[in-house]
1. Could you pull out the residue among Leu43, Leu36, Leu7 that is outside any strand (DSSP E or B) and at pLDDT 95 or above?
2. Out of Ala139, Ala132, which single residue is crowded, with 18+ Cβ neighbours inside 10 Å, touching a helix residue (DSSP H, G or I) at 6+ places or on another chain (Cβ under 8 Å), within 25 Å of Ala319 (Cβ to Cβ) and small (Gly, Ala, Ser)?
3. Have a look at Phe344, Phe392 and point out the one that is crowded, with 18+ Cβ neighbours inside 10 Å, of a type in the set (Phe, Trp, Tyr) and under 19 Å from the mean Cα position of the chain (by Cα).
4. Can you find a residue that is within 16 Å of the ligand (Cβ to nearest atom) and crowded, with 24+ Cβ neighbours inside 10 Å anywhere in the range 250-261?
5. Quick one: count up the residues across the range 88-139 that are within 16 Å of the ligand (Cβ to nearest atom) and either at pLDDT below 95 or not in a helix (DSSP H, G or I) (or both).
6. Looking only at residues in the range 46-75 that are out of contact with any Ser or Thr (no Cβ under 8 Å at 6 or more places or on another chain), of a type in the set (A, V, I, L, M) and at pLDDT 95 or above, which one is nearest to the ligand (Cβ to nearest atom)?
7. Out of the residues in the range 191-212 that are outside any loop (DSSP other than H, G, I, E, B) and within 16 Å of the ligand (Cβ to nearest atom), state the one that is farthest from Asp273 (Cα to Cα).
8. For the range 265-278, does any single residue satisfy the condition of being on the phi > 0 side of the Ramachandran plot, assigned to a loop (DSSP other than H, G, I, E, B) and under 16 Å from the mean Cα position of the chain (by Cα)?
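The values are calculated or read from the model by the stated rules, or taken from the named source; none is laboratory data. Owing to the predicted nature of the structure, the values given are computational and were not obtained by experimental measurement. Cβ placement follows ideal geometry from the backbone for every residue including glycine, while neighbour counts extend to all protein chains displayed.
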Amino acid sequence: MSFDLILRDVRLPENEAECVDIGLSGGRIAAVMPALKGDGPSLAFGGRLALPGFIETHLHLDKACILDRCACAKGTLEEAIAAVAAAKRGFTEADIEARAAKVLERAIAQGTTRIRSHVEVDPRIGLKGFDAVMRLRKAYAWALDIEICVFPQEGLLNDPGTEALLRQALKQGAHLIGGCPYTDTDPFGQIERIFSIAREFDVDIDFHLDFDLDASRNTIEEVCRQTEAHGWGGRVAIGHVTKLSAMPAAQFDHIARLLADAGVAVTVLPATDLFLMGRGFDHNVPRGVAPAHRLLRQGVNCSLSTNNVLNPFTPFGDASLVRMANLFANAAQLGRPQDMADCFDMVTRRSAKLLNLSSYGIAAGAEADIVVLDAQSRAQAVAELAQPLIGFKRGRQSFTRPAPALNKP
Ligand SMILES: [Zn+2]
């Protein structure tokens, strides 16, 4: 048999003990087996880990890289929303496109092959962000699959004109709808509206759900209730949910069971949550990061994602998901290899499940999306912030990032 390319001597996340070869043909994976026989050019990786690429389930491309336009002093959520809302009035499509492209190119070099991008829609920005990201989706299809979640960052019921724009975006190809219930005076009302629009367009839902540390009341239970009432299990994700970090164990377990039973997934955004939460404390500052690892044990699907890059919500960022997995492990005090492997799964396999991707994995017949990391296991990759060395999208090499070389005397 002849192949376009053979990647030799790699380990796969689902079986790190054995090394295999991957044969690529016509943009797809034609064969995966040890000591693959066949002709064609080959690259050898010395037992390094190959994965189908990292997945961002929650990334804001439209408001990335605007730190130079925002003067923030407090580092609170309210300040970030206000600063970005002000900066947004100066956004043009070309400007959004240029900033977002910068993030996409970093993401590609960090081994990301799929992105769910949250894009703001309201009467001030209109569909500028949506149109810009739609164009980038085409322009970067050689390296990334991008899906767009349009959402009302500044409110839905309180912001007349927003719903019509969300509907227009969905008619023009937005892939799903998001919500931000804490921005409306009637959060439950917003949740209900979002479900009704999702049903009308038959799309998944991804809420920015809550963003504070008050565990005395929450909107999680209402989302679970509506998910079950609408038969939307497996199609709803909630992001941040920082309240989960503030709940005593019994309450947390109760909510985790509701999420698992309703089929609602959780996305934790550690860089943003660590930066914005607990600003009212002057000592013993809480982490404010939802304990995704404990949700996993209760049967809730979870992902970790970047959220923001270089803006008032998160004035950091290199679009590295291996860094995000490491940051979560560190903040959540996870040190055992199995726990670190779980963190790796939350930027790969579990993220694919959250996005309801029909194909994700290195197996014969799948599209040849492959990234090789400078590590031999998932746990090692997370612990050591392993660098991606090379990546392929549908069989075409999309980036190279050689390991550093030392010039010893
Ligand atoms: Zn977000």
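1. Values: Leu43 fails: outside any strand (DSSP E or B); Leu7 fails: outside any strand (DSSP E or B).
Criteria check complete, one pass: Leu36.
2. Working: Ala139 fails: crowded, with 18+ Cβ neighbours inside 10 Å.
Exactly one residue qualifies, and that residue is Ala132.
3. Values: Phe392 fails: under 19 Å from the mean Cα position of the chain (by Cα).
Step by step, each of Phe344, Phe392 is checked, and only Phe344 is crowded, with 18+ Cβ neighbours inside 10 Å, of a type in the set (Phe, Trp, Tyr) and under 19 Å from the mean Cα position of the chain (by Cα).
4. Let us first name the residues in the range 250-261 that are within 16 Å of the ligand (Cβ to nearest atom), namely none.
Scanning the range 250-261 turns up no residue that is within 16 Å of the ligand (Cβ to nearest atom) and crowded, with 24+ Cβ neighbours inside 10 Å.
5. Residues flagged as within 16 Å of the ligand (Cβ to nearest atom) and either at pLDDT below 95 or not in a helix (DSSP H, G or I) (or both) within the range 88-139 amount to 10.
6. So the residue we want is Ala64.
7. Here is the first cut: in the range 191-212, the ones outside any loop (DSSP other than H, G, I, E, B) are 191-201, 205-210.
From the residues that got through so far, the ones that are within 16 Å of the ligand (Cβ to nearest atom) too are 194, 205-210.
On the way: Ile194: 24, Ile205: 21, Asp206: 17, Phe207: 15, His208: 12, Leu209: 13, Asp210: 11 Å.
Of everything passing the filter in the range 191-212, Ile194 is farthest from Asp273 (Cα to Cα).
8. Of the range 265-278, the ones on the phi > 0 side of the Ramachandran plot are 278.
Those still in the list that are assigned to a loop (DSSP other than H, G, I, E, B) too: 278.
Adding the requirement that they be under 16 Å from the mean Cα position of the chain (by Cα) leaves none.
Looking for residues that are on the phi > 0 side of the Ramachandran plot, assigned to a loop (DSSP other than H, G, I, E, B) and under 16 Å from the mean Cα position of the chain (by Cα), one finds none in the range 265-278, hence no.
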